[in-house]
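The values are calculated or read from the model by the stated rules, or taken from the named source; none is laboratory data. Computed from a predicted structure; not experimentally measured. Positions of Cβ are generated from backbone atoms using ideal geometry, with glycine treated the same way; all protein chains shown enter the neighbour counts.
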Amino acid sequence: MKYNYILLADSRFISYAISELRERLSIKDRVKTMALGRGIYLAEIAVEPKVAFEALKLSTFSDGVIPIVDIVERPQSVDELKERVSRCAAKGEPFRIELISLGAKRGVSAKDTEVKIGKEMESLGFTVSLKSPQRIVYIIIGEGISVIASAKSTELADLVVDHFRLENPNHDTVNRAEVKIKEAFAAFKINDAKIENCIDVGASPGGWTNFMVKRGAKVVAIDRGVLEYDKLSTKDVKVIEKVEDYVEGSAVLHMRLNLDEATVFPFKKESYDLLAIDTNTDYIESSKIANALAAYVKHGGFLIMTLKLPKISDAGRLYMVNEALKSEYGVERIKKLHHNRMELTLFARRL
Ligand SMILES: C[S@@+](CC[C@H](N)C(=O)[O-])C[C@H]1O[C@@H](n2cnc3c(N)ncnc32)[C@H](O)[C@@H]1O
């Protein structure tokens, strides 16, 4: 039996997303897909939703699948949408609507329509909950067809529920990279982890460092480039140019050097909770940096590293990263985050 789904995946990586889906769901046949736009695809898959959710939980290239409830011609009125939505919502099950109009300007939310439908549904006895919905109903208004898809929030656990609105990062960040590390913490489910000390390699201009400082960590930021010191949420910053000048104590110690220039490191062994690497180096080079600093990371401590993909086809060589890291780290997940462009983000723990 075939089931219709919405598949969410960055269009640049869609062929990898489909191969991964086939592999994880053990599908031999071709998976029929149709692009609706902005990384949203219709996919016909011969696997029931429960199995599909489970198998795609840790996927690298897709953000997940949502079962389709209804496919309609462009709806003419809110009343029509309300009628369709009421077929997938149940009274007593708080739900939230996520609506996107693919014809609209990028980043423009369809908030007003969502609110309007929500209010009308409430007047019919349904419960809308923005904060803790038990069900999410997605309304995707495409050029030719519109799609209504829906699933329980628990089934979507690994899917970024706010997928459609992540485009607009909030503005108290140093840069876009800060939003990227924030997303990585959420995706790898480490928001509650205690991180007191970290090393941030490739730290300039300071987005990742700032994220860690805001969480209360002390950061050794390594990069020959400058940090945007004014934008950091601490003034307790010390800048040094030589390894010999290393001294502990400040919230941010900026070591203004390229890691390759250092032959010995002044850090205490097994004392860092997180090693973050966002250097614009090939991922084998980045893995070498991770290995060179492994001794300073606590056992069980985290490694978060971006894997730059100058060519999409580099995504086919990811096994090389696992190979390169396996003596020092256990790789838990590699994920194409929403805010990653031509790169993926790796999460591993020090063995
Ligand atoms: C994408 S930027 C990093 C952005 C940063 N993570 C942030 O949050 O703002 C890449 C940085 O890596 C640095 N880099 C590249 N190779 C490096 C190396 N071997 N050692 C230290 N920094 C390096 C570059 O100087 C550049 O500033």
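Some notes on this structure:
- Sub-8 Å Cβ pairs linking a first residue in region 208-225 that is under 18 Å from ALA186 (Cβ atoms) to a second residue that is among the acidic types (Asp, Glu) and more than 8 Å from the ligand (Cβ to nearest atom), at least 6 apart or interchain, are GLY216/GLU196; ALA217/GLU196; ALA217/ASP273, ordered by first then second residue.
- Restricting the search to strands (runs of 3 or more DSSP E) fully inside region 4-76 and requiring at least 1 residues that are crowded, with 20+ Cβ neighbours inside 10 Å and among the polar types (S, T, N, Q) gives 62-73.
- From the list GLU323, GLU343, the one residue that fits, being modelled with pLDDT of 95 or more, over 22 Å from TRP208 (Cα atoms) and assigned by TED's automatic domain parsing to the domain that holds ILE284, is GLU323.
- Candidate set from region 187-211 (those that are closer than 21 Å to ARG176 by Cβ and more than 11 Å from the ligand (Cβ to nearest atom)); member that is surrounded by the most Cβ atoms within 10 Å (Cβ to Cβ): CYS198
- Residue list for region 274-292, restricted to those being within 11 Å of the ligand (Cβ to nearest atom) and either more than 19 Å from LEU318 (Cβ to Cβ) or in contact (Cβ under 8 Å) with a residue 12 or more places away in the chain (or both): ALA276, ILE277, ASP278, THR279, ASN280, THR281, ASP282, SER286, LYS288, ILE289, ALA292
- Test for ALA17: is it touching a Lys or Arg at 6+ places or on another chain (Cβ under 9 Å) and under 18 Å from LYS336 (Cα atoms): yes
- Flag set for SER271, criterion: surrounded by fewer than 23 Cβ atoms within 10 Å (Cβ to Cβ), more than 13 Å from the ligand (Cβ to nearest atom), among the hydroxyl-bearing types (Ser, Thr, Tyr) and closer than 22 Å to SER327 by Cα.
- Candidate set: region 212-257, residues that are part of a helix (DSSP H, G or I) and within 12 Å of the ligand (Cβ to nearest atom); chosen: the one farthest from LEU274 (Cα to Cα): LYS231
- Qualifying residue in region 299-317 (condition: loosely packed, with under 15 Cβ neighbours inside 10 Å and more than 25 Å from ASP63 (Cα to Cα)): yes
Let's see how each residue does on (1) outside the structural domain of ARG74 (by TED's automatic domain parsing); (2) in a helix (DSSP H, G or I); (3) farther than 11 Å from LYS82 by Cβ:
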| residue | (1), (2), (3) |
| --- | --- |
| VAL115 | no, yes, yes |
| MET121 | no, yes, no |
| ILE136 | no, no, yes |
| SER150 | no, no, yes |
